[in-house]
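> What follows is a single structure, and I will ask about it in a moment.
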Amino acid sequence: MRKMKFAAGLLASSLLLAASAIAGNSNKGTLTVADTVTVGGKQLPAGKYQVEWAGTGSDVELSISNGRDTVAKVPAQVLPVKRAQAETGYSTNTDQAGNKALTGIFFRGRKDEITIAEASAAATTSDKTPGSN
């Protein structure tokens, strides 16, 4: 009887471990930007980037890398949305000179979006742009 309980506990632990390994880190994704955008005072040329965020609660630190190097780290917030995102993309604000500041990122299938805390307050227009993966 004891051996059977031990075996059942071992099996349950193994299944939980396997499930967490398969799930991996859900706090990362791939983002493709179509135009040059500014984030954290740095310009990101159009291209494909890896994004990852870490923190507790809604306040996080967002890291953006080009695959090799981290190109920007900024404070951000993860905010819930009512429905899962239909596509992956980003939002920007455009200033009077036409410069675009990255203000948010959203990923297909997630019920949240990332809002970049230091988005330009002097922006005049905003735009949500779908990206591709």
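Each reported figure results from applying straightforward, stated rules to the coordinates on display, with no laboratory input. Since the model is a prediction, treat every value here as computed from it, not as a measurement. A quick note on method: Cβ atoms are made from the backbone with ideal geometry, for glycine too, and the neighbour counts reach across all protein chains shown.
> Provide the packing ranking of 96-105, 60-69, i.e. peptides ordered by the mean count of other C-beta atoms within 10 Å per residue, highest first.
Per-residue Cβ counts within 10 Å, averaged per peptide and sorted highest first, yield 96-105, 60-69.
> Set the bar at 20 Å for Cα to Cα. Now go through 28/48; 28/73; 42/82 and name every pair that lies beyond it.
Cα-Cα > 20 Å for 42/82; rest within.
> So who's got an amide H within less than 5 Å of the one on residue 104, skipping anything under 5 residues away but keeping other chains? H placed 1.01 Å off N, in plane.
So residue 104 has HN proximity to 91, 116.
> Compute the length gained on full extension between residue 111 and residue 69: take 0.36 nm times their separation in residues and subtract their Cα-Cα distance, giving the result in nm to one decimal.
Length difference between fully extended and current span is 12.3 nm.
> Of 89, 45, 62, which is farthest towards the positive pole of region 34-105's charge dipole, taken about the Cα centre with +1 and -1 on the beta-carbons of Lys, Arg and Asp, Glu respectively?
Positive-most Cα among the choices belongs to 89.
> I've got another one for you. Once you put a point 7 Å from the Cα of residue 85 and another 7 Å from the Cα of residue 34, both along the Cβ direction, what distance in nm separates them?
For the pair residue 85/residue 34, the computed spacing is 1.6 nm.
> For region 111-116, what does the Karplus curve 6.51 cos²θ - 1.76 cosθ + 1.60, with θ = phi - 60°, yield as ³J(HN,Hα) per residue in whole Hz, taken in order and with x for Gly and Pro?
My calculation for region 111-116 gives 9, 8, 9, 9, 10, 7 Hz in order.
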